[in-house]
Amino acid sequence: MSATRTWVPPGPYDLVRNLSVLRRGPGDPAFRVAADGSVWRASRTPQGPGTIRLARHGGAVEARAWGAGADWLLDRLPALLGADDDPDRFRPRHRLVHEAHRRHPGLRLIRTGLVLESLVPSILEQKVTSDEAYRAWRLLLWRHGEPAPGPETRLRVMPDARGWALIPSWEWHRAGVDGKRSAAVVRAARVAGRLEEAASMELPQAMARLQAVPGIGPWTAAEVLQRSNGAPDAVTVGDLHLPRIVGYALTGRRGTDDATMLELLAPYADQRYRACRLILLAGVVPPRRAPRFSPGDIRAL
């Protein structure tokens, strides 16, 4: 059985781009973009596993959902698609940002309302290459998740909080996840109920709630709240690449650090995450001088 709902965006809308922040690599078992442009997601909702398919039809977004979590997903469809976002509050202050804002009128910040769903993969991405983190996410979902409800057989639903906490150490090792990151996931899973409350908090309180768990710092907390809360000011600090990209895009100078990045983003107070999204969409990055960071693989240890 499935249920449906339709949402009509109030203006231009880019379905795939807006939801792409939820995809953890091209082989994410919980996210798929079909050949027809529809987006499939598998989620662990408070009511149980659910699958949702989202597709543009004329000026509307049509959703169909399956599983125990179907009603929960459809109830929150507008928030997921960015109905709670207010892009009109944003005022570009740099020429590059103005041009990116003009070229991407359909950009909206999505809100899943699910914290653990974004927290686990964000922890997996700490201090490693994207490829390593994406591989770990794929392996863990295929081995410890469950088939997603509905007709899309290639989707997997992530484990529930208890499932994450019970994954044995050798399975984390098999997925290439070191003890520091796996311990952070387990600690978060044990207090998942308290962490999920952050989805309804204001940004400062939500940041504090997540960072109360050892192993979750400002980088991880911001990455989560960008997705779970659609927080337009949840700027990522502590990232290897973002300060350099922002600095180079706005000033043409290389080697920008977090402090300088935050100074450059000061004119976008309350909208710094949106500003960063637009800067990244502009595609202006510093030329590479050093060799690409070589990924590690603890599975060989």
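The values are calculated or read from the model by the stated rules, or taken from the named source; none is laboratory data. Note that this is a predicted model, so its numbers are computed, not measured. Using ideal geometry, Cβ is built from the backbone for each residue, glycine included, and neighbour counts are taken over all protein chains shown. The protein model used for the area step is the full one, side chains on, heavy atoms only, and it has no ligands, DNA or RNA in it. Shrake-Rupley method; radii C 1.70, N 1.55, O 1.52, S 1.80 Å.
Sort segment 5-79 into rounded, prolate or oblate with this rule: let a ≥ b ≥ c be the square roots of the eigenvalues of the Cα gyration tensor; rounded if a/c is under 1.5, and if a/c is not under 1.5, prolate when a/b is larger than b/c, oblate otherwise. Could the numbers behind the result be given before it?
Working: a/c = 1.87, a/b = 1.15, b/c = 1.62.
Oblate is the answer for segment 5-79, as a/c is 1.5 or above yet b/c matches or exceeds a/b.
Tell me which label goes with the value of semi-axes √(5λ) of the Cα gyration tensor in Å computed from the coordinates here: (i) 38, 24, 15; (ii) 67, 17, 14; (iii) 29, 26, 18.
Structure-derived value, by its label: (iii).
Only Cα pairs under 8 Å and at least 6 apart count here; give the relative contact order of segment 148-301 as a rounded whole percent.
Details: 149 pairs, mean separation 27.9, N = 154.
Rounded, it is 18 percent for segment 148-301.
What ³J(HN,Hα) values, in whole Hz, does the Karplus curve 6.51 cos²θ - 1.76 cosθ + 1.60 give for segment 41-49 when θ = phi - 60°, with x put for Gly and Pro?
Karplus values, whole Hz, x for Gly and Pro: 9, 10, 9, 9, 8, x, 9, x, x.
Mind ranking 79-90, 224-235 by how tightly packed they are, going by the mean number of other C-beta atoms within 10 angstrom, highest first?
On the way: 79-90: 17.2, 224-235: 24.2.
So the order, starting with the most tightly packed, is 224-235, 79-90.
Quick one: accessible area per residue over segment 7-105, 1.4 Å probe, rounded to a whole number of Å²? Display every interim value, and only then the final one.
On the way: 4680 Å² over 99 residues.
It amounts to 47 Å² per residue over segment 7-105.
With unit charges on the beta carbons (Lys and Arg positive, Asp and Glu negative) and the dipole taken about the Cα centre of the chain, which residue among ILE279, LEU141, MET201 sits farthest to the positive side?
Highest projection toward the positive end goes to ILE279.
How do the peptides 112-122, 142-152 rank, highest first, by the average count of neighbouring beta carbon atoms within 10 Å per residue?
Working: 112-122: 24.2, 142-152: 17.4.
Packing order, densest peptide first, comes out as 112-122, 142-152.
Using helices alone, I'd like the mean residue ellipticity at 222 nm for the chain: each DSSP H run of four-plus residues gives -39500 (n - 2.57), total over residue count, nearest 500. Each step should come with its number before you reach the end.
On the way: 15 runs with 127 residues, N = 301.
Helix contribution divided over all residues of the chain: -11500 deg cm²/dmol.
Check which residues have an amide H placed less than 5 Å from VAL157's amide H, if you skip close sequence neighbours.
GLU146, ALA148
With charges set only on the Cβ (+1 for Lys and Arg, -1 for Asp and Glu), what does the dipole of the chain come to about its Cα centre, in debye to the nearest 20? Each step should come with its number before you reach the end.
Details: 44 positive and 31 negative charges, 151 e Å.
With only Lys, Arg, Asp and Glu charged at Cβ, the dipole is about 720 debye.
In whole Hz, with x marking every Gly and Pro, tabulate ³J(HN,Hα) for segment 152-169 from phi via Karplus 6.51 cos²θ - 1.76 cosθ + 1.60, θ = phi - 60°.
Values, residue by residue: 8, 6, 8, 9, 10, 9, 5, x, 7, 4, 5, x, 4, 5, 9, 5, x, 4 Hz.
For ALA269 and VAL16 in one chain, what is 0.36 nm times their gap in residues minus the Cα-Cα distance, to one decimal in nm?
My answer for the length gained is 88.4 nm.
Please report, as a whole percent, how much of the solvent-accessible surface of the chain comes from carbon and sulfur atoms (probe radius 1.4 Å). The partial results should precede the final answer.
Numbers: 7290 of 14350 Å².
The nonpolar share, carbon plus sulfur, comes to 51 percent.
Given contacts defined as C-alpha pairs under 8 Å and at least six residues apart, what's the relative contact order of the chain, whole-number percent? Intermediate results must be reported in sequence, preceding the final value.
Numbers: 518 pairs, mean separation 54.8, N = 301.
RCO, the chain: 18 percent.
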